[in-house]
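Enquirer: Quick one: the structure is below, questions incoming.
A short reminder: the numbers here are calculations on the coordinates, not readings from a lab. Just so we're clear, the structure is a prediction, and the values are computed from it rather than from any experiment. Positions of Cβ are backbone-derived with ideal geometry, glycine not excepted, and every protein chain shown enters the neighbour counts.
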Amino acid sequence: MIFTDTHTHLYSEAFDEDRELVMQRAFDENIKRFFVPAIDSSYTKSMLELEAQYPEHVHLMMGLHPTSVKDNYLEELAHVDKMMNERSFCGVGEIGIDLYWDKSTLEIQKIAFKHQIQLAKQYKLPIVIHCREAFDEIFEVLETEFDDDLFGIFHCFTGTLEQAHRAISFNMKLGIGGVVTFKNGKIDQFLNEIDLKHIVLETDSPYLAPVPFRGKRNESSYLIRVVDKLSLIYNVSKLEIAKITTANSLEIFKV
């Protein structure tokens, strides 16, 4: 039984003091595959170092996070282009639109999002979407870019049942993490109406720790708490959750 964390920032400074222990705790829970999204060029070196340390377990993406889309976004996109040209990655992410922190950058966020979707299509890779208070804007862009080459994951899905179905219609899996354990998370109320074939597991560590660790640093070993919750929601064994969600991640990342 192997679990897959499809979204974890293991290179984060939050793990600098105990990264090896964090990894071992995940291994002890049979979490053996880690898909690691990018943020911006300032983290590229630490990402590559993480991959070198755990080459059999860590799989890197490349991309520009929407909250890092600033005045220098063209330089950052050029860095993404350069890295994609120089070596292989398992996906383009995390990319998208975030209107929680800064609405003034919406237009350049859209430009960056579209550019990276097109890059993913060029390399025949999945996209991993970050969406915060921007479902309408994300769907608007996906409508313009939708074709047979578009596929990926709607990371940290927190929308409604209707939005879940719409995301799936764009060939997206739903990334389910700690939010499913929150009392006010809401997605637990309808998730059983979504077939497990559309679900992948994630932590987004060090962010969004599940109950009972909410508010503390998240880590990949806590993925098992998400599995426990999904086992209850779907009324299936943890082994079945592992089998289906890991197969789903393989379908997306081809790893």
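Enquirer: Pull out the extension gain between MET1 and ALA78, defined as 0.36 nm times the separation in residues minus the alpha carbon to alpha carbon distance; nm, one decimal. Intermediate results must be reported in sequence, preceding the final value.
Expert: Details: separation 77, 0.36 × 77 = 27.72 nm, distance 4.01 nm.
Going from the current span to full extension adds 23.7 nm.
Enquirer: For the pairs LYS124/LYS238; LYS45/LYS121; LYS124/LYS183; LYS110/LYS238, note any where the Cα-Cα span goes beyond 29 Å.
Expert: Details: LYS124/LYS238 32 Å; LYS45/LYS121 25 Å; LYS124/LYS183 38 Å; LYS110/LYS238 39 Å.
With Cα atoms farther than 29 Å apart: LYS124/LYS238; LYS124/LYS183; LYS110/LYS238.
Enquirer: State the dimensionless ratio Rg/Rh of the range 117-156 (Rg: radius of gyration of Cα atoms; Rh: Kirkwood radius). Display every interim value, and only then the final one.
Expert: Numbers: Rg = 10.1 Å, Rh = 10.6 Å.
Reported Rg/Rh (Cα atoms, Kirkwood Rh): 0.95.
Enquirer: Please arrange LEU161, LEU50 by counting, for each residue, the other beta carbons lying within 10 Å of its beta carbon, fewest first. Provide the component values of the computation, followed by the final result.
Expert: Working: LEU161 14, LEU50 23.
Ascending number of Cβ neighbours within 10 Å: LEU161, LEU50.
Enquirer: Another one. Just tell me the longest site-free run in the chain, where the sites are GluC sites (Glu not before Pro) in a DSSP loop having at most 11 other beta-carbon atoms within 10 Å. If you can, show how the numbers build up before the last one.
Expert: Working: sites that count: GLU17, GLU56.
In short, 57-255.
Enquirer: For ILE108 paired with PHE190, estimate the spin-label separation in nm (one decimal), with each label point 7 Å from Cα along the Cα-to-Cβ line.
Expert: The answer from the label model is 3.5 nm.
Enquirer: Here is a further query. Once you have a ≥ b ≥ c as the square roots of the Cα gyration tensor eigenvalues for the range 107-255, tell me rounded if a/c is under 1.5, and otherwise prolate or oblate according to whether a/b is larger than b/c.
Expert: Values: a/c = 1.75, a/b = 1.53, b/c = 1.14.
Cα axes put the range 107-255 in the prolate bin.
Enquirer: Okay, next question. List the trypsin sites (Lys or Arg not before Pro) within the range 122-166 that fall in a DSSP loop (any state other than H, G, I, E or B) and whose Cβ has at most 16 other Cβ atoms within 10 Å.
Expert: Numbers: sites: LYS124, ARG132, ARG166; in loops: LYS124.
Taking the range 122-166 and a limit of 16 other Cβ atoms within 10 Å, the loop trypsin sites (Lys or Arg not before Pro) found are LYS124.
Enquirer: Could you give the DSSP H helices of the chain that reach 30 angstrom or more along their long axis (alpha carbon positions) and whose average Kyte-Doolittle hydropathy is no lower than 0.5?
Expert: Numbers: long enough: none.
Length and hydropathy pass: none found.
Enquirer: With 27 Å as the cut-off, how large is the P(r) tail for the chain, expressed as percent of Cα-Cα pairs? The partial results should precede the final answer.
Expert: Working: 9885 of 32385 pairs.
Of the Cα pairs, 31 percent sit more than 27 Å apart.
Enquirer: Which aspartates and glutamates have a Cα less than 16 Å from the Cα of LYS82, not counting those fewer than 8 places away in the same chain?
Expert: Correct list for LYS82: ASP40.
Enquirer: Then there is this: Compute the Cα gyration tensor for the range 91-173, then decide on rounded, prolate or oblate, letting a ≥ b ≥ c be the square roots of its eigenvalues: rounded whenever a/c is under 1.5, prolate when a/b is larger than b/c in the other cases, and oblate in all that remain. Display every interim value, and only then the final one.
Expert: Working: a/c = 1.72, a/b = 1.12, b/c = 1.53.
Verdict is oblate for the range 91-173.
Enquirer: Where the centroid of each part is defined by its Cα atoms, how far is the range 202-254 from the range 155-186 in Å?
Expert: Between the Cα centre of the range 202-254 and that of the range 155-186, the gap is 13 Å.
Enquirer: On a full-extension model of 0.36 nm per residue, what is the gain between GLN53 and PHE139, subtracting their alpha-carbon distance, rounded to one decimal in nm?
Expert: 27.2 nm
Enquirer: Once you place label points 7 Å from the Cα toward the Cβ at PHE146 and LYS183, how far apart are they in nm?
Expert: Placing both labels 7 Å along Cα→Cβ, they lie 3.8 nm apart.
Enquirer: By counting other Cβ atoms within 10 Å of each Cβ, how are ILE111, ILE31 ranked from fewest to most?
Expert: ILE111, ILE31
Enquirer: Sticking with this one: Taking every Cα atom in the range 162-243, find the radius of gyration and the maximum pairwise distance Dmax, and write them in Å.
Expert: Considering the range 162-243 through its Cα atoms, Rg and Dmax are 12.3, 34 Å.
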